[in-house]
Amino acid sequence: EEERQEAKARLLATCEVLREQKSKMQGEPEVALAKAIEDTEAWLEATPAAAKEELEEREYRLKAVAAGLEHQAEVARQEAKDRLSKKIEELGKKNDLEGEHQQKAEKILEE
């Protein structure tokens, strides 16, 4: 019974840690992690006498879901950074061209 209570306490602690991690996510990963935490907590309420092994399995699955979602969020962040870098580069090239045209126009006016 003591081991079961410890496993339950670890699962609840995992939910708390992941709730904090969720607050650092955005979009679909945040929503999916919130759902996984809610499902786990609902299962705990519905299964108060769950065996130690069941509790450990739930903890393992919840951590796996969180890790997958964190990876998905990181990929999305990197893709957004890449898009932003590309846009900045394009704007820089456009500004360079406009600068060249400005210089040419100034030369023509000087002549």
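The values are calculated or read from the model by the stated rules, or taken from the named source; none is laboratory data. Because the structure is predicted, anything quoted here is derived from the model rather than measured. Cβ coordinates were reconstructed from backbone atoms using ideal geometry, including for glycine residues, and neighbour counts include every protein chain displayed. Areas reflect the complete protein model, heavy atoms only, side chains present, ligands, DNA and RNA absent. Shrake-Rupley method; radii C 1.70, N 1.55, O 1.52, S 1.80 Å.
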Within the stretch 1-34, restricting attention to residues that are farther than 13 Å from Lys63 by Cβ, of a type in the set (A, V, I, L, M) and in a helix (DSSP H, G or I), which residue is most open to solvent (accessible area, probe 1.4 Å)? Val31
Reported set for the stretch 7-39 where residues are closer than 18 Å to Glu53 by Cα and in contact with a helix residue (DSSP H, G or I) (Cβ under 8 Å, 6 or more places away or on another chain) is Ala7, Lys8, Arg10, Leu11, Leu12, Thr14, Cys15
Just to be sure before I move on: is Ala50 under 16 Å from Glu16 (Cβ atoms), open to solvent by less than 60 Å² (accessible area, probe 1.4 Å) and either free of Cβ contacts under 8 Å to residues at least 40 places away in the same chain or more than 14 Å from the chain's Cα centre (by Cα) (or both) in the structure I sent? no
Kindly indicate the residue of the stretch 53-64 that is surrounded by 13 or more Cβ atoms within 10 Å (Cβ to Cβ) and of a type in the set (A, V, I, L, M, F, W, C) and also farthest from Thr14 (Cα to Cα) among those meeting that condition. Leu55
With the checklist (1) surrounded by fewer than 15 Cβ atoms within 10 Å (Cβ to Cβ); (2) not in a helix (DSSP H, G or I) in hand, flag the one item Gly68 doesn't pass. (2)
Please tell me if Gly99 is over 16 Å from Val17 (Cα atoms) and among the small types (Gly, Ala, Ser). yes
